[in-house]
1. Given points 7 Å out from each Cα along the Cα-Cβ axis, report the Gln73 to Arg131 separation in nanometres with one decimal.
2. Taking R0 as 30 Å, what's the FRET efficiency between Glu155 and Arg23 from their Cβ-Cβ distance, rounded to 0.05?
3. Using the count of nearby Cβ atoms within 10 Å as a rough guide to exposure, how do Val118, Val149 rank from fewest to most?
4. Per residue, how much space in cubic angstrom lies within the convex hull of the C-alpha atoms of the range 24-204?
5. Amide H of Lys83: which non-local residues (sequence gap of 5 or more, or other chain) have their own amide H closer than 5 Å, using H built in the peptide plane?
6. Step through the residues of the range 97-106 one at a time and calculate ³J(HN,Hα) from phi using the Karplus curve (6.51 cos²θ - 1.76 cosθ + 1.60, θ = phi - 60°), rounding each to whole Hz and writing x for Gly and Pro.
7. Taking R0 as 25 Å, what FRET efficiency do you get between Leu50 and Arg124 from their Cβ-Cβ distance, rounded to the nearest 0.05?
8. Taking Cα pairs under 8 Å and at least six residues apart, what relative contact order does the range 24-204 come out at, in percent?
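What follows draws every value from the coordinates through simple rules; no lab data is involved. None of the values given here were measured: they were computed from a predicted structure. With ideal geometry, Cβ positions are generated from the backbone for all residues, glycine too; neighbour counts draw on all protein chains shown.
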Amino acid sequence: MDLKGFDHPGRPTADGTLPAGARSVKVMIAGGFGTGKTTMVRSVSDIKPLTTEETLTQASADVDNLIGVADKQETTVSLDFGKIGINEQLVLYLFGTPGQERFWFLWNGLFKGALGAVVLVDTRRLDSSFRAIEEMERQNVPFVIALNVFPDSKEHPIDEIRDALDISPHTPVVACDARDRASSRDVLIALIRHLKERSAVALESR
Ligand SMILES: Nc1nc2c(ncn2[C@@H]2O[C@H](COP(=O)(O)OP(=O)(O)OP(=O)(O)O)[C@@H](O)[C@H]2O)c(=O)[nH]1
Ligand SMILES: [Mg+2]
């Protein structure tokens with residue numbers, strides 16, 4: 001993969017595109033409650049990730065939709081942090097968001113300087129990721145949708161999922177297994193491609 005253009009530490013440009021020569025990129029791993037954000041950061045990180053997991057309390061039982069994740073024991077209360085070198089020129093710093101609604105107030109600060117995001121979606125509970133998608137659009141952070149496939153997930157045509165999530169036809173949708181390093185890495189590469197394509201389009205229209 002050609003990653004020319006990621007040579008210097010990157011901050012978002014005024015129009016939100018990739019800076020020429022970015023070397024390190026802040027990427028958010030977002031999505032609804034229990035969609036596999038911490039799992040993805042853990043599986044893909046080159047360093048021992050920092051996680052802020054706390055035992056799920058009864059307080060959230062009536063609030064969170066636990067279909068498919070009823071045996072979930074822990075939840076992220078602040079953030080997950082990991083790092084992955086994609087190649088010698090590019091390092092991604094990964095920031096996993098908390099999924100529980102009561103911690104969403106933290107999102108504003110967390111997104112500062114983020115160049116892109118992965119929004120994890122559990123197709124058994126599509127609605128749990130609506131808010132994350134809205135937030136990406138509101139904060140103008142380009143994103144890819146990663147469908148985290150659980151054993152009892154049904155297969156849905158991608159177009160149906162696009163319609164249900166109401167996302168632009170330009171937003172990539174990829175399937176993954178967040179527990180698998182190679183699969184999670186592929187999602188991040190899909191995001192980088194998307195960021196590069198957006199930058200190329202923005203440059204052409206200048
Ligand atoms: N079968 C399967 N289980 C998964 C997968 N990804 C995550 N899990 C499991 O699903 C549960 C939820 O994963 P987490 O990584 O904690 O989800 P999260 O999005 O970080 O959750 P919050 O921080 O609470 O919002 C855990 O029990 C994981 O082991 C997957 O791809 N396949
Ligand atoms: Mg988590």
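1. 2.6
2. 0.20
3. Result, fewest neighbours first: Val149, Val118.
4. It comes to 113 Å³ per residue, whole-number rounded.
5. Distant-sequence amide H within range of Lys83: Asp46, Ile47, Leu94.
6. 8, x, x, 6, 4, 5, 10, 5, 4, 6
7. FRET efficiency, Leu50 to Arg124: 0.30.
8. 26
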